[in-house]
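The values are calculated or read from the model by the stated rules, or taken from the named source; none is laboratory data. Not measured: the values here are computed from a predicted model. Using ideal geometry, Cβ is built from the backbone for each residue, glycine included, and neighbour counts are taken over all protein chains shown. Please note that ligands, DNA and RNA were not included when accessible areas were found on the heavy atoms of the full protein model with its side chains. Shrake-Rupley method; radii C 1.70, N 1.55, O 1.52, S 1.80 Å.
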Amino acid sequence: MESLVSVEGVSFRFGHHQVLNDIVLSIYSGDFLGILGPNGSGKTTLLKIILGLLKPSQGRVLLMQKSQHDFTEWGKIGYVPQNATHIDPYFPVSVQEVVAMGIKSLAPSERVAKAGEAQAIQEALKHVGMESHRTRRIGQLSGGQQQRVFIARAIVNRPRILFLDEPTTGVDAQTQEQFYDMLARINQDEKITIVLVTHEIGIINKHITKVACLNQSLIYHGSHGEFCSSQAFKELLEGGHHLVSHRH
Amino acid sequence: MMEFLSYGFFQRALFAGVFVAVACALLGVFLILRRDSMIGHGLAHVTFAGVAIGLMLQIVPLFTALILAVLTGLIIMKVKEKAGLYGDTAIAIFSSTGFAVGILLVSLSQDFSVDLFAYLFGDILAIETFEVWLSVALALAVVFVVLRYYHPFMFLTFDRESAMASGVKVKRLDMLLTILTAITVVLGMKVVGILLVAALLVIPAAAGLQLAASFKLAMAISAVVALFSVIGGLFLSFYGDLPASATIVLLAFSAFFLFYIIKGQKRG
């Protein structure tokens, strides 16, 4: 399988605080990877380093076999940040405009024809079930609906890999369930690799295929099945994290 | 009734004012949503020193003001980034320093105080033909760049982190927005004066943001309000023998107030 992301010996310090220590991790095409760990374990920092938003103190990241410096095909990467729904409710931007940001802000070399863009926006909204809301202002939608719109923006370029950082914070359990079902469909039907950062190990349990468990260092990286019987999993549970059991 | 249109000075004022108004209106929407409304006010104060330098050295003040405003805008941006200052703190420091330099230069050379008065309070009806063409060219350049980078500007204004992760060159675009703002402030200075230029940048855009459900609509309403204010303001100024800068700003405020009431009733 093709490696889409290679994290090679990445460490990160913030002042005197060691946030990440010598992380080695590969993400392969087709994975539905959950990056798990308690609060403050460095999950979001790792994600930001992978996306080039933070520079590592040591080590490097390869994106699709290229160094971040040489990587230009940003349309192949989708990202939904933490607290994406904490937006200014009066920001005058329609659902359609939010999704268009993802496709129309690409470098000219990556952009497709205008007609293709309109169709891609339409299809992305359809994938997340928001096509009937396209003219509404984003601030008028519920948190769950806004999150779907941000997914649409992240997949509008048909990326190879989609990163989501704590995407269901503040969303009710039923909406969370529907949300992760939707992500699983995107992973399986659209063949988009998904990397999900979360501290909630329960609700995502039925979908993820691989786990990277983090607590400053990488304490587990492997299949989801083996993770459930691993010491890392027990430690995570002992730390007060709850498992919601689902049938596979 | 339309006799004012036959006067050369009025034609020049109207022509320049219309283009500058649209540039201010489009840029203003981004500035407000980036919580950068005060940058116009700050750079306007700095242009006071630029104008004073121009008058002192007998160079076209528009040029010296433009260079100083662009440089100061970029310095404010760097200071905010490197020194970790809040945006409004950096603006306050540099705007007051710029104004202080202006006052100092005026006191050293008292023979241009009358010219400076026109820059402080605006005197668009006295705009020269050369200044008209310069203003129109610069305003068109601002409008072109804003429309050319409309989507990445909107993306970084709405969600900076996602824009960065999508490969948008946010620092370059920040710099571009700063340069456009500095140019627009200098253009606006000619229309309504240093003391009121921030109004031309902020009030039409704020009016547009009251009612718009989309970004495009916000920019369109903002442009219409700016055009209404400049054209109506010049008309009132001519027939009422009133200062054009004041009538322009007060008309813009009237539109903002009206839209604010309408928005309140819609929500109510």
Scope region A:112-139; condition at pLDDT 90 or above, open to solvent by 50 Å² or more (accessible area, probe 1.4 Å) and away from chain B (no Cβ under 14 Å); matching residues
A:Gln119, A:Gln122, A:Glu123, A:Lys126, A:Glu131, A:Ser132
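Could you say which residue among A:Ser142, A:Ser109 is more than 14 Å from every other protein chain (Cβ to nearest Cβ), out of contact with any helix residue (DSSP H, G or I) (no Cβ under 7 Å at 6 or more places or on another chain) and without any contact (Cβ under 8 Å) to a residue 40 or more places away in the chain? Walk me through how you get there before you give the answer.
Details: A:Ser109 fails: more than 14 Å from every other protein chain (Cβ to nearest Cβ).
Within the list A:Ser142, A:Ser109, the selection yields A:Ser142.
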I'm trying to understand the selection: among the residues of region B:47-64, which are buried (at least 24 other Cβ atoms within 10 Å of the Cβ) and either among the hydroxyl-bearing types (Ser, Thr, Tyr) or at pLDDT 95 or above (or both)?
B:Thr47
Pull up region A:54-75, narrow it to residues that are surrounded by 17 or more Cβ atoms within 10 Å (Cβ to Cβ) and facing chain B (nearest Cβ under 10 Å), then point me to the one that is nearest to A:Val149 (Cα to Cα).
A:Gly75
I'm trying to understand the selection: among the residues of region A:58-89, which are among the hydroxyl-bearing types (Ser, Thr, Tyr) and either part of a loop (DSSP other than H, G, I, E, B) or closer than 15 Å to A:Ile161 by Cβ (or both)?
A:Thr72, A:Tyr79, A:Thr85
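Across region B:239-255, which residue is most open to solvent (accessible area, probe 1.4 Å) among those that are in a helix (DSSP H, G or I) and more than 21 Å from B:Met189 (Cβ to Cβ)? Reasoning before the result, please.
Initially, region B:239-255 is screened for residues in a helix (DSSP H, G or I), giving B:239-240, B:244-255.
Applying the additional criterion that residues be more than 21 Å from B:Met189 (Cβ to Cβ) yields B:239-240, B:254-255.
Details: B:Tyr239: 98, B:Gly240: 40, B:Ser254: 61, B:Ala255: 11 Å².
Step by step, filter region B:239-255, then rank; the result is B:Tyr239.
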Tally up the residues in region A:105-136 that are more than 21 Å from the chain's Cα centre (by Cα) and either part of a helix (DSSP H, G or I) or basic (Lys, Arg) (or both), please.
16
What single numbered condition from (1) open to solvent by 50 Å² or more (accessible area, probe 1.4 Å); (2) away from chain A (no Cβ under 14 Å); (3) under 26 Å from A:His69 (Cα atoms) fails to hold for B:Asp174?
(1)
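Condition check ((1) within 14 Å of another protein chain (Cβ to nearest Cβ); (2) over 30 Å from B:Tyr239 (Cα atoms); (3) of a type in the set (A, V, I, L, M)) across all residues:
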site	(1), (2), (3)
B:Leu104	no, yes, yes
B:Ser107	no, yes, no
B:Leu134	no, no, yes
B:Tyr149	yes, yes, no
B:Phe155	yes, yes, no
B:Ile179	no, yes, yes
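Considering B:Leu138, B:Leu209, B:Leu156, which residue is under 19 Å from B:His41 (Cβ atoms) and surrounded by 18 or more Cβ atoms within 10 Å (Cβ to Cβ)?
On the way: B:Leu138 fails: under 19 Å from B:His41 (Cβ atoms); B:Leu156 fails: under 19 Å from B:His41 (Cβ atoms).
Only one candidate qualifies: B:Leu209.
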If we ask which residues in region A:145-200 are farther than 20 Å from A:Leu36 by Cβ, part of a helix (DSSP H, G or I) and within 14 Å of chain B (Cβ to nearest Cβ), their number turns out to be 8
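Within region A:76-93, work out how many residues are closer than 19 Å to A:Ile194 by Cα and within 8 Å of another protein chain (Cβ to nearest Cβ).
The first filter runs over region A:76-93 and keeps only residues closer than 19 Å to A:Ile194 by Cα, leaving A:76-84.
Restricting the remaining residues to those that are within 8 Å of another protein chain (Cβ to nearest Cβ) gives A:77, A:79-81, A:84.
The number of residues fulfilling the criteria is 5.
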So for region B:212-224 (the condition being more than 14 Å from every other protein chain (Cβ to nearest Cβ) and crowded, with 24+ Cβ neighbours inside 10 Å), does at least one residue qualify?
no
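Just to be sure before I move on: is A:Lys104 at pLDDT below 90 and at the interface with chain B (Cβ under 7 Å from one of its Cβ atoms) in the structure I sent?
yes
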